[in-house]
Amino acid sequence: MQLMSSFYQIKDDSHAFVAGFVFVEVYLQNSNALIVGPDKQSIGLLDTLNMETVRTIFTQTYPYPHEHSRHAVIAVIVGCIFFISSDNMHTLVQKLDSNVKWWSMYIGWILVAALYHLPSFQSMGVDMRMNLSLFLTIYVSSILFLLVFHFIFIGLWYIGLVAHVAGRKPSILTILQNCAVISVACCVFYSHCGNLAIVRGETYERRHWGWLRFWNKEERSSWLAKFVRMNEFKDQVCNSWFAPVGTASDYPLLSKWVIYGKLTCSGGSCAESPDEISPIYSLWATFIGLYIANYVVGRSTGWALTHPVSQKESEKLKKKQMNPDFLDMVPWTSADLFKTVFDLMVSVTVFVGRFDMRMMQAAMSTVEDAAKQDDLFYDQFSEKDELWFDFMADTGDGGNSSYSVARLLAQPSIRVQCDDSLITLPRGSLLLIGGDLAYPNPSSFTYESRLFRPFEYALQPPVWYKEEHVAVTKPELPCGVSTLKQYDGPQCFVIPGNHDWFDGLQTFMRYICHKSWLGGWFMPQKRSYFALQLPKGWWVFGLDLALHCDIDDYQFKFFSELVKEKVGDNDSVIIMTHEPNWLLDWYWNLATGKNVSYLIRDHLKGRCKLRMAGDLHHYMRHSYVPSEKPVYVQHLLVNGCGGAFLHPTHVFSSFNNLYGTSYESKASYPSFEDSSRIALGNILKFRKKNWQFDFIGGIIYFILAFSMFPQDDTFSGHLKSFFGTIYDAFFYMLGHSYVSSAGAFLLLVTAITFVPSKVSRKRKVIIGVLHFSAHLASALILMLLLELGVETCIRHKLLATSGYHTLYEWYRSVESEHFPDRTGLRARSSNGHSAFIPHVMAVTRSNICKNGMDSLSRGGAVIYYASVFLYFWVFSTPIVSLVFGSYLYVCINWLHLHFDEAFSSLRIANYKSFTRFHINSKGDLEIFTLAVDKVPKAWKVDPCWEGESKLAQNLSYRRRFPSKWRSVSSQQDPVNTVRINLMDQ
C-alpha cells in the first residue's frame, strides 16, 4: 500500500488525521485491508474513507503511547545528524551550561503545565499530562536516589575507605541536570515505545540479528518499506534495540524492587503471566548505574586510589586549562547593589572624616620636605630623552573586556593605521591607572579575579613572584638592579577610585601599596597618591579624591610645596584624578574639589596643560577656546574604558565651561549618535541582561495585586468594560487592602526618590508618579488577565472538575494500567497524595467565589495565594522588566537622566580604549587614543606564547608574545582590531 504523507496508519477503531489548518477525524472502514502483507494487495487510503463521518474535532483522548510521533522522531534524527556533523553540540552545551539559570527549570515546568489543558494540543493527540507526570515521578525519584548514593559515598570517604579526592562534594546543579536528562530520556522512550513487556518466545537470532539482514539484497527493499511505514519501524526499534534486560526472577535480590512491564503477547494469548521487567525501569536503572559507575571511577578508583592528586598538582593542572576563567560583567540590578550601597554608607560615615586613610599615610611619613619624600615623589623617568606612557581607568569588571585592554597594554608594540600610513606605537614604560580597580566592592576575591588575573594573563609576573608575598620595604627590585632608574621594564602607578574606598581603602593598600607586581608591571608605589617627574619638564600629579571628590589638607600641603620647590615656571603638569569634576559638577550643578581648584588656579597658574580622569566609562576630550581670559587648564580628557560597562556620551554633549574658560568637544567615543542608539537596549535587552531583577520585580507586582484575587465578576468583553474593571480594582485596593495599599505607597515613594535630584522637585514628583502608575497599571492588568484565563478554563471544564487531586487520581489510574506493580513497590514508597497547582488555584477560587473569603481557612488561604503567586510571578517578570527598561530609555534619551543606571543595566563590554602618550625629544606631548569596538568572548592559548614559554625563562616583558590568550577568531583579536580613535599634538 502506498501511504500518503498526510496520514497516519493505525489499527481498528482508531483515528487518522489530515494535516492542514483544520484537524479532521476520520473513521476508517475495513481497516484490515490496510495491513500490508506479502499476500495482500495494497488498497488506496482514500478508498477506505467514509466521508459522511468526517467532522471537526476539538478535544479527544488518546491512548499511550502516542501514535503521532513520527515527525518528532524525524526531527530528532535530523537534529542529531546536524550536531554530529559540526561542533554545534559543544557550543550549545557550553552556552546552556553558562546561561541556564536556577529558575529556568521552574519556569519551564510552569509553562508546560499550562499546556495540560489546551484543547488544540489534545486534538492533535498530544496529552501532556502523562508525559509531565511521568517526568516528575522519575525526576524526584532520581534526585532522592542520587542524594542517598552521594551521602553514602561521602560517608565512605569520611571513614577513609576511598581516596581524599572523593571527598569533594558534588555540585547540586550537576545532580539536578543529570536527573533531568534521565527523566527526559525515559519519557521520550515511553512516548514512542510504551511500557510493553516483550514475550520471550522470539529467538535470539530474530531479536538481535534481524537488523543485519539489511545488508542482504533480498531484504533491503523490505527494510526500506519498514522505514516508510514508520509504525513498524518504530516497533522494530523498540523491540530489538531497547528490549528489557530480563525478568525479575533473573535478579532475586531485586525481585521486590522492580516495576513490571505491561503484558503483550505476539500471535495469541499468553499462557502464563510473565515477570518481565519494565523497559522504563530498566532504562532508568541503566542510566543511574552509568552515573554511579562514572562517578565512582572518576573519584575513588584506579589512579585516584593509588595516586591521589595533591593540592599543588591540582593548582598546576588548573593553570594549564584551555580556557581562561574570566568573570562576567557585574550584574548591577541584583542583590550585589544592596551590599554596594551598604558599603558606601559605611565608608562615608565611618572612614572618611573620622578614619581617613590619607591622614594615616601622612602621619606615617617622617620627612617634612616634599622634595625628599621618596614614598610620594618619584623621578626615575626624568633623565630619559623621550618617554612612552599609558593611561587607563575603571578596569576590573568583566574578564573579557579587562583582558582585551590589558593584552593591548602588554604588547611590545602596536601597529595601527593612521591616515594613509602605518605607525608603530611602542609599549609604555609607565602605566597610569585612574582608579576603580575592581567592581562592585573591594575585596580579596574581586581584586584577584577581576584585576590581577587579566593582567597576569596579559603579562606574567616574574617566576619568583608569590601571590601571598607582602612587600614590606618597597621598591623590591629584581636581582641585579640596584635603583629604579636602572630597571628597564614597565612600571605601574595607581590612584584609588570611589569603589576602592568602599572598605576604607584597606584592600587597595594591601594589594597595591604592599605588593610589587601587577602582572608583569612593577609597582614601586607606597601611598595612594604620588608625584612623578617625567622628561622635558613634564609632571604627573596623581591625586586621591576619596569619596568627597577633593584632596585632603595633607595632600594639598605636599603638592603645593612640591610646586613651589621643584616645578619650574616653564614646566607642564598633568593632573590625574579619578572623577572628572568638570563634567560631573556641570551635570549635577555642583561645585566640588575646592582644594584641587585652588591648587590649579593659585599654585600652578596655567602650568596645568592636561587634566585626565576616569569614573565615566567612555572617552571624551575637550579643548579650550582661545580667548583673552586666563586659561588654567588647556585640555580635559576622560577615558574610563578600561574594562567596566559603557557610559553614554550624549548626556554630556552640552558641556562648555570650566573656571570661566570656554571649551569645545573635540572627540567622543562612542559618538553622540551611537550613544543614543545604544540606549534603546534598555527596552530590548534589559531582562536578558538583568534576570536577577525578575525576582524582586515579580514580588513587588504580586504585593500590589494579590488582594484583588479572586475576581468573581467578569466584564462583558468590551474594552471599556475591561478598563472599568481595572479602575474598580484600584479603588478596591485603596479601600480594603492594607498590604497592597502600603506596598503601593512604598513603591510611589521609591519611584519619586529614585528620580535624580538634577531636576526640580515638581518635575521629580511628576516623573515618579508616572513611573509608579505604569507599574501599578501593569500589575492590575496582569491580575485581571490571569483571572480571565482561570475563569475560561473553569467554564470549559478544563479545571476544577474533580477537586484538588484531579491530576493525581488520573495519573494513578493510568499508571496502574500501564505499569503493573505486583510487588507493591509503589504502595511502600508513596503513601501520600499531591495536588497540582492549577487545580488548587481553580478549586479554591471557585469555593471563594461561591462561599466568600471567610469560608477559607488560614492554611487554605496560604496555599491559594502561593499557587497564584507561582503563576503571577512568571507572567509579571517580563512586564516589570519591560516597564522599567522603557522608563530608563525615556529618561536617558529625552530627559538625560539616569545615565549611570540606564547603561550599567546593559552591561556592555564593548567600546574599550586606553590612551598612549609620547613625550618626544622636543618636549611635545603626543596623545594617541586606541580603541577596540568589539570585545572577544572566546579565547584560546596563543601558540606563539606557548612556544616562547618553553624556552629559557626571561622576564615576560622581554618576550615577543607576552600574552597567554588570543581570540579564537584572529579577525576579532584586539591586536588586529585596535584602531586610533584620536591623535593630537
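The values are calculated or read from the model by the stated rules, or taken from the named source; none is laboratory data. Please read these numbers as outputs of a predicted model, since none were measured by experiment. Positions of Cβ are generated from backbone atoms using ideal geometry, with glycine treated the same way; all protein chains shown enter the neighbour counts. Side chains included, ligands, DNA and RNA excluded: accessible areas come from the protein's heavy atoms. Shrake-Rupley method; radii C 1.70, N 1.55, O 1.52, S 1.80 Å.
For the stretch 376-393, the criterion of being within 28 Å of the chain's Cα centre (by Cα), buried (at least 18 other Cβ atoms within 10 Å of the Cβ), modelled with pLDDT of 90 or more and under 22 Å from residue 643 (Cα atoms) is met by at least one residue. Annotation note: Cβ proximity below 6 Å between a residue of the stretch 166-183 that is closer than 15 Å to residue 137 by Cα and open to solvent by less than 20 Å² (accessible area, probe 1.4 Å) and a residue that is of a type in the set (A, V, I, L, M) and modelled with pLDDT of 75 or more (sequence gap 6+ or interchain) occurs for 179/143; 183/138. Filtering the stretch 423-432 to residues that are aliphatic (A, V, I, L, M), buried (at least 16 other Cβ atoms within 10 Å of the Cβ) and either out of contact with any helix residue (DSSP H, G or I) (no Cβ under 9 Å at 6 or more places or on another chain) or free of Cβ contacts under 8 Å to residues at least 24 places away in the same chain (or both) leaves 425, 430, 432.
Of everything in the stretch 756-766 that is hydrophobic (A, V, I, L, M, F, W, C) and either part of a helix (DSSP H, G or I) or modelled with pLDDT of 95 or more (or both), the residue that is most open to solvent (accessible area, probe 1.4 Å) is 766. Name the single residue, out of those in the stretch 545-556 being open to solvent by less than 90 Å² (accessible area, probe 1.4 Å) and either out of contact with any strand residue (DSSP E or B) (no Cβ under 6 Å at 6 or more places or on another chain) or among the β-branched types (Val, Ile, Thr) (or both), that is nearest to residue 584 (Cα to Cα). Here the answer is 549. Before we move on, is residue 398 surrounded by 15 or more Cβ atoms within 10 Å (Cβ to Cβ) and not aromatic (Phe, Trp, Tyr)? Yes; evaluated as a whole, the condition is true for this residue.
Each row is one residue, and each column tells you yes or no for (1) open to solvent by 40 Å² or more (accessible area, probe 1.4 Å); (2) under 31 Å from the mean Cα position of the chain (by Cα); (3) farther than 25 Å from residue 433 by Cβ.
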residue	(1), (2), (3)
647	no, yes, no
661	no, no, yes
679	no, yes, yes
682	no, yes, yes
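Name the residue that is most open to solvent (accessible area, probe 1.4 Å), counting only residues in the stretch 591-632 that are part of a loop (DSSP other than H, G, I, E, B) and in contact (Cβ under 8 Å) with a residue 60 or more places away in the chain. Per the stated criteria, the residue is 615. I'd like to check something: does the stretch 955-972 contain any residue that is buried (at least 23 other Cβ atoms within 10 Å of the Cβ), under 26 Å from residue 621 (Cβ atoms) and in contact (Cβ under 8 Å) with a residue 40 or more places away in the chain? Looking for residues that are buried (at least 23 other Cβ atoms within 10 Å of the Cβ), under 26 Å from residue 621 (Cβ atoms) and in contact (Cβ under 8 Å) with a residue 40 or more places away in the chain, one finds none in the stretch 955-972, hence no.
Residues that are in a loop (DSSP other than H, G, I, E, B) and in contact with a Gly (Cβ under 7 Å, 6 or more places away or on another chain) do occur in the stretch 460-473, at least one of them. Here the stretch 663-677 is the region considered, the condition is being without any contact (Cβ under 8 Å) to a residue 40 or more places away in the chain and part of a helix (DSSP H, G or I), and the residue that is nearest to the chain's Cα centre (by Cα) is 677. Just one of the numbered conditions (1) within 33 Å of the chain's Cα centre (by Cα); (2) open to solvent by 10 Å² or more (accessible area, probe 1.4 Å) is not true of residue 947: (1).
One residue stands out among those in the stretch 401-422 that are of a type in the set (S, T, N, Q) and crowded, with 24+ Cβ neighbours inside 10 Å: the one that is nearest to residue 543 (Cα to Cα), which is 402. In the stretch 509-520, the residues that are without any contact (Cβ under 8 Å) to a residue 60 or more places away in the chain and among the aromatic types (Phe, Trp, Tyr) form Cβ pairs under 8 Å with partners that are open to solvent by 20 Å² or more (accessible area, probe 1.4 Å) and part of a loop (DSSP other than H, G, I, E, B), at six or more places apart or across chains, as follows: 517/461; 517/465. Filtering the stretch 597-621 to residues that are among the aliphatic types (A, V, I, L, M) and closer than 26 Å to residue 924 by Cβ leaves 599, 600, 604, 610, 612, 613, 620.
Summed over the stretch 436-475, the residues that are under 19 Å from residue 958 (Cβ atoms) and open to solvent by 20 Å² or more (accessible area, probe 1.4 Å) give a count of 7.
Scanning the stretch 510-530 for residues that are open to solvent by 10 Å² or more (accessible area, probe 1.4 Å) and closer than 23 Å to residue 483 by Cα gives 511, 514, 515, 517, 526, 527.
Being in a helix (DSSP H, G or I) and closer than 22 Å to residue 540 by Cα is the filter here; which residues of the stretch 486-500 pass it? Working first, answer last.
From the stretch 486-500, those in a helix (DSSP H, G or I) are 486, 499-500; that's our starting set.
Across the stretch 486-500, the qualifying residues are 486, 500.
Checked against the criteria, residue 456 does not count as free of Cβ contacts under 8 Å to residues at least 60 places away in the same chain and within 20 Å of residue 964 (Cα to Cα). Screening the candidates 915, 977 for the property of being at pLDDT 95 or above and farther than 30 Å from residue 888 by Cα yields one hit, 915.
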